[in-house]
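The values are calculated or read from the model by the stated rules, or taken from the named source; none is laboratory data. Here the structure is a predicted model, which means the values were calculated and not measured. Here Cβ is always computed from backbone atoms with ideal geometry, including for glycine, and neighbour counts include all displayed protein chains. Accessible surface is based on the protein model in full, side chains and every heavy atom, while ligands, DNA and RNA are left aside. Shrake-Rupley method; radii C 1.70, N 1.55, O 1.52, S 1.80 Å.
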Amino acid sequence: MKPYLADPVETKKVIAKYDFAFRKQFGQNFLIDAAVPEAIVRAAGLTKNDTVLEIGPGIGTMTQYLSEAAGKVIAVEIDKELIPILQDTLAGFDNVQVLQGDIMKTDLAALIAENGGGPIKVVANLPYYITTPILMKLLAGREAISLMAVMVQEEVAKRIVSGPGSKDYGALSVGVQYYADPEIVCRAAPSAFMPQPKVASSVLRLVKRSEPPVRPRNEEYMFAVVKAAFLQRRKTLPNALSGYAPLGISRDQAAAAMERLGLDARLRGETLTMEQFAALSDEIHCHPERSEGSS
Ligand code: SAM
């Protein structure tokens, strides 16, 4: 069995052996503190019955822990330079399959079907440049994923778990909480990575919901309302919503819709619960006064 890589000395040895150059554009910050992969494995509640998808294995640091805890690990890595390194560092970890590719272009449904049909768990120390698109692809897709345990920037984690009234509450909070129940599990200082990022990170546990917490008549329209509300978060809702053309609504129509729902027209989006966003979306979208031809 290869040595554990969650250690600065072992990581440096691998980097030197392969003369590996970190690629900033791929968000490469490798873990060097064993406490972090241990916390992620615990957060994912892994057992030998689990199939795990790891996004961005890097040199295989967390993959080693996943291999020991789970039944099967599929690791998708974009950087071709890392594939021969992974073959070396993961030699002897027989339940790991490494695939070279971009997770954003990976056919997850096919991958899951080839591996028993799921539901699978997703684990990742996410590349920060693409955190939100990856999370939304995994959450909003219909693939059989039960849970995700992911490392993200601390500031992003706070936004994801926030509720109404908090300065961190925004479109990302509503978007993620519509699909999953999020929880911050632990924090990781910049010193847990090589090279060190500028900011701290947090491990998030996201349990996917079987049903969304609200049922807007038009999901897409509700997300457009949420987007508009937070695009100009200092504005009152009627001003913010009327300023976003795709909604096809005037200031007065937005104010009237709020009034019909018993909401004060001076409110800002940051005070609305998801239930209130869904109700407001239904009220505007289904109202005959809204402009023809709007989505
Ligand atoms: N899991 C390793 C660790 O914790 O040490 C590496 C984490 S590093 C923050 C992010 C990894 O994701 C890098 O290995 C990077 O090359 C890879 N990556 C970046 N963009 C990717 C993408 N679109 N698809 C798959 N992997 C990606």
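Condition check ((1) open to solvent by 20 Å² or more (accessible area, probe 1.4 Å); (2) more than 19 Å from Asp7 (Cα to Cα); (3) within 19 Å of the chain's Cα centre (by Cα); (4) acidic (Asp, Glu)) across all residues:
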residue: Ala34; (1), (2), (3), (4): yes, no, no, no
residue: Asp50; (1), (2), (3), (4): yes, yes, no, yes
residue: Pro57; (1), (2), (3), (4): no, no, yes, no
residue: Lys72; (1), (2), (3), (4): yes, yes, no, no
residue: Ile78; (1), (2), (3), (4): yes, yes, yes, no
residue: Leu82; (1), (2), (3), (4): no, no, no, no
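Screening Met258 against (1) free of Cβ contacts under 8 Å to residues at least 40 places away in the same chain; (2) under 30 Å from the mean Cα position of the chain (by Cα) leaves a single unmet condition, (2).
Just one of (1) under 28 Å from the mean Cα position of the chain (by Cα); (2) within 19 Å of Gly163 (Cα to Cα) fails for Thr236. It is (1). Restricting attention to region 132-155, the residues that are within 15 Å of the ligand (Cβ to nearest atom), assigned to a helix (DSSP H, G or I) and either at pLDDT below 95 or open to solvent by less than 30 Å² (accessible area, probe 1.4 Å) (or both) total 3. Taken over region 199-210, the criterion of being open to solvent by 50 Å² or more (accessible area, probe 1.4 Å) and either under 20 Å from Ile40 (Cα atoms) or modelled with pLDDT of 95 or more (or both) is satisfied by Val199, Arg205, Val207, Arg209.
Residue-wise test of (1) open to solvent by 50 Å² or more (accessible area, probe 1.4 Å); (2) part of a helix (DSSP H, G or I); (3) among the charged types (D, E, K, R).
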position: Pro197; (1), (2), (3): no, no, no
position: Arg217; (1), (2), (3): yes, no, yes
position: Tyr221; (1), (2), (3): no, yes, no
position: Gln276; (1), (2), (3): yes, yes, no
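For region 1-34, how many residues meet the condition of being over 15 Å from Met194 (Cβ atoms) and within 13 Å of the ligand (Cβ to nearest atom)? Counting residues in region 1-34 that are over 15 Å from Met194 (Cβ atoms) and within 13 Å of the ligand (Cβ to nearest atom) gives 1. Residue check: Lys227 meets all listed conditions (1) more than 30 Å from Ala144 (Cα to Cα); (2) among the charged types (D, E, K, R); (3) touching a residue at least 40 places away in the same chain (Cβ under 8 Å); (4) open to solvent by 40 Å² or more (accessible area, probe 1.4 Å) but one, namely (1). Among the residues of region 174-181, are any open to solvent by 50 Å² or more (accessible area, probe 1.4 Å), part of a helix (DSSP H, G or I) and farther than 30 Å from Leu5 by Cβ? No, every residue in region 174-181 fails to be open to solvent by 50 Å² or more (accessible area, probe 1.4 Å), part of a helix (DSSP H, G or I) and farther than 30 Å from Leu5 by Cβ. Take the conditions away from the ligand (no atom under 13 Å from the Cβ), in contact (Cβ under 8 Å) with a residue 40 or more places away in the chain and either open to solvent by 10 Å² or more (accessible area, probe 1.4 Å) or not assigned by TED's automatic domain parsing to the domain that holds Glu54 (or both) and apply them to Pro164. Does it pass? Yes; evaluated as a whole, the condition is true for this residue.
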